Amino acid sequence: MRALIAGAGVSGPMTAYWLAKHGWDVVVIERAEQLRLGGQNIDITDAAREVVRMMGIEDTIRAHHTGEKGVAFVDAEGRVTARFPVEEKGSLTREIEILRGDLVKIIVDANPESVEYRYGRSIDALGRRDDGVTVTFDDGATEDFDVVIAADGMNSRTRELVIGPDARPRDYLGCWSSYFTLPRREGDDDWWRWYTSANGIVAFLRPDNEGTMRSSVNFLSDDDHPPHMSLDEKRKRLQDRLRGSGWECDRIADDLEGVDDIYLGPLHQIKADRWSDGRCVLAGDAAHCPTPYTGMGTTLAIIGAYVLAGELATHDRPEDAFAAYERRFRDFAETNQKLPPGVPDIAYAQSEMKRRLINLGAKVAASSPVQSVASFFDGGKRSEQVTFDLPDYGGRKAA
Ligand SMILES: Cc1cc2nc3c(=O)[nH]c(=O)nc-3n(C[C@H](O)[C@H](O)[C@H](O)COP(=O)(O)OP(=O)(O)OC[C@H]3O[C@@H](n4cnc5c(N)ncnc54)[C@H](O)[C@@H]3O)c2cc1C
């Protein structure tokens, strides 16, 4: 059997790995000219740890730990109001913290040589037949596959080709997020510094294992569908928000000048009504993006890839495999999309009172404001989430 996977993020290469282990021929296409290695600290939790263990890459992942010591809440003058060391209650730094780019590289390197990667490619059209799919690529070439897997992320364009335009997948969270890399300055430490400004910004500075700093700037906005923004427009938009906002916001605005890896955009949860149609299926963020604020996007992508490949390996008809994949995995994915009550507004402290609540409340590790904000930014709901029992598809032997 032959699969085409669109998207070489986490979900695509993970699915490719497991399918290849089950004996499939796999082609992965990536729209960018090379792997996109941007992004910040992500963590791998729950059954996803078991999946990477089965692949034999857990130690390599741990060796790429970012070195972050925990979370420190800071005020406008830079004073630390509270610290939450790694794994302590209230801390958002997890045992396995790795830069997204490092993880993507590790997964792609773990792929068997038989998996073919093609860059600068995307899908223009899907011609469905009972026994396969004829894919038309963006260069006009056509090729036949047994199944097509759309793993092209939150803003997937392939999704519409797979399930059609009426599947109502987007749920706007009312806020924008940005991610970028900054030079490390004297005075930067190995703590994730978390600042809530009086004018509705939540800004982060986090250490990485490459001698630079990772920053994220987040704010509420009604603007759900912005037009395409150039790099300069993104930079300017962030700088306008940051200037005069206290703490290191002016420094971040200044340092943005030389930065070219800016991601900025509105945050949507993806809630596709159905994940497959015929021999085409959605995977990862394209199917069930929970947003980075839950901290679960990568964990879901890893577990989902294992399940999707396993079901394909154990069913004769791909259509039956896709139905089984959705039956097994949808509940878990949807549970992990749930955000706590009051989110996202509470995190942004638009009133002075809320801001004080967050900064003062941060002094008490278990205080409810901190827990709510923590829930918003990194999946504090973990305590209540269901666990996922990995089926045994013979993968343990295959790995
Ligand atoms: C550059 C980047 C930075 C990120 N940073 C963070 C972060 O800091 N924190 C966090 O929690 N999550 C981040 N994410 C999201 C996180 O990677 C996902 O939530 C999670 O890992 C699930 O991964 P995925 O493979 O489903 O999607 P993604 O990781 O988004 O990967 C999708 C891939 O598909 C490619 N693609 C897009 N359109 C097409 C197309 N039409 N054809 C072919 N390929 C296409 C993209 O270039 C990308 O490589 C980031 C994603 C990206 C792409």
Consider only pairs whose beta carbons are under 6 Å apart and that are at least six residues apart or on different chains; among these, list those whose first residue lies in the range 298-319 and is among the hydroxyl-bearing types (Ser, Thr, Tyr) and whose second residue is within 16 Å of the ligand (Cβ to nearest atom) and assigned to a helix (DSSP H, G or I).
Thr299/Ala48; Tyr306/Trp18; Tyr306/Val51
Got a sec? Which of Asp254, Asp260, Asp240, Asp232 is in contact with a Phe, Trp or Tyr (Cβ under 9 Å, 6 or more places away or on another chain) and either within 16 Å of the ligand (Cβ to nearest atom) or over 19 Å from Asp75 (Cβ atoms) (or both)?
Asp260
Tally up the residues in the range 239-274 that are among the aromatic types (Phe, Trp, Tyr) and in a loop (DSSP other than H, G, I, E, B), please.
1
Among the residues of the range 106-120, is any in contact with a Cys (Cβ under 6 Å, 6 or more places away or on another chain) and open to solvent by less than 60 Å² (accessible area, probe 1.4 Å)?
no
In the set Glu248, Glu233, which member is surrounded by 18 or more Cβ atoms within 10 Å (Cβ to Cβ) and of a type in the set (Asp, Glu)?
Glu248
Residue by residue through the range 201-221, note down the ones that are within 22 Å of the chain's Cα centre (by Cα), open to solvent by 10 Å² or more (accessible area, probe 1.4 Å) and either away from the ligand (no atom under 16 Å from the Cβ) or among the basic types (Lys, Arg) (or both).
Arg206, Arg214, Leu220, Ser221
I need a count of the residues in the range 55-86 that are in contact with a helix residue (DSSP H, G or I) (Cβ under 8 Å, 6 or more places away or on another chain), closer than 30 Å to Val307 by Cα and open to solvent by less than 30 Å² (accessible area, probe 1.4 Å).
4
Restricting the search to the range 173-199, which residues are surrounded by fewer than 21 Cβ atoms within 10 Å (Cβ to Cβ), closer than 21 Å to Pro266 by Cβ and more than 17 Å from the chain's Cα centre (by Cα)?
Gly174, Asn199
Quickly run through the range 120-166 and pick out the residues that are outside any strand (DSSP E or B), within 13 Å of the ligand (Cβ to nearest atom) and of a type in the set (A, V, I, L, M).
Ala151, Met154, Leu161, Val162
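The values are calculated or read from the model by the stated rules, or taken from the named source; none is laboratory data. Predicted model, so just to flag it, every value in this text is computed and none were measured. Don't worry about glycine lacking a Cβ; one is built from the backbone with ideal geometry, like all the others, and counts go over all protein chains shown. In case anyone asks, the SASA skips ligands and DNA or RNA and just uses the protein heavy atoms, side chains included. Shrake-Rupley method; radii C 1.70, N 1.55, O 1.52, S 1.80 Å.
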